[in-house]
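Peer 1: Let me begin by handing over the structure; questions about it come next.
A short reminder: the numbers here are calculations on the coordinates, not readings from a lab. It should be emphasised that the depicted structure is a prediction, and the values quoted were computed from it without experimental measurement. Ideal geometry is used to build each Cβ from the backbone, glycine not excepted, and the neighbour counts take in all protein chains shown.
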Amino acid sequence: MTEHAVAEQRIAQNTQVTLHFALRLENGDTVDSTFDKAPATFKVGDGNLLPGFEVALFGFKAGDKRNLTVAPENAFGQPNPQNVQVIPRSQFQDMELSEGLLVIFNDAANTELPGVVKAFDDTQVTVDFNHPLAGKTLTFDVEIIEVKAL
């Protein structure tokens, strides 16, 4: 009886991946991690992982452990100056404002838009609607547990 090795399934389009991951800022602060809880499972292309993170995993197989650096362009993008809005202070009635305060607005389609108060005075409030991780280079630690073809 001859034995032949079965090629290990590698991460590509049409695969489901179970992994542990940690997302860290350049200073080492952890943004998100599954290493202390259940692993995450996603299908490539399902939108659960940003495309730049998915592409970085292509070719990996179960058992692989990697420490990847993801540039802002492949993560949450660069901050867009147009996403910083100056809003009349009158829109913040009865609100205790502080720099760094997270505020939620609803757009015309009633989608929630989170923003961070950057500055304020008696007449206006400057709110940054960029993603908090925009412009940041991130470290993406992964441990691939399982890769299945779909």
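Peer 1: Sequence neighbours fewer than 8 away in the same chain don't count; with that in mind, list the lysines whose C-alpha is under 24 Å from Lys148.
Peer 2: Lys37, Lys43, Lys61, Lys65
Peer 1: Which of the lysines could a cross-linker span from Lys118 if the Cα-Cα distance has to be under 19 Å and same-chain partners fewer than 8 positions apart are dropped?
Peer 2: Answer for Lys118, where 19 Å is the Cα cut-off: Lys136, listed by chain and number.
Peer 1: Right, something else. In the Gaussian network model of the chain, springs joining C-alpha atoms below 10 Å, which of Pro72, Pro39, Pro81 carries the largest mean-square fluctuation?
Peer 2: Pro81
Peer 1: Related question: Go through 140-148, 27-35 and give me the packing order, highest mean Cβ count within 10 Å leading. Write out the running numbers ahead of the final one.
Peer 2: Working: 140-148: 18.2, 27-35: 10.6.
Ranking, from highest mean packing down: 140-148, 27-35.
Peer 1: Beta carbons within 10 angstrom, averaged per residue: use that to sort the peptides 97-106, 17-26, 114-123, highest first.
Peer 2: 17-26, 114-123, 97-106
Peer 1: A further question on this structure: Taking only DSSP H segments of four or more residues, each worth -39500 (n - 2.57), what value at 222 nm results for the chain once the sum is divided by all its residues, to the nearest 500 deg cm²/dmol?
Peer 2: Helix contribution divided over all residues of the chain: -1000 deg cm²/dmol.
Peer 1: Let me know the whole percent of all Cα-Cα pairs from the stretch 81-128 that are separated by more than 15 Å. Write out the running numbers ahead of the final one.
Peer 2: Details: 448 of 1128 pairs.
That tail contains 40 percent of the Cα-Cα pairs.
Peer 1: Right, something else. Calculate the length of the line joining the C-alpha centroid of the stretch 94-116 to that of the stretch 25-75, in whole Å.
Peer 2: 28 Å
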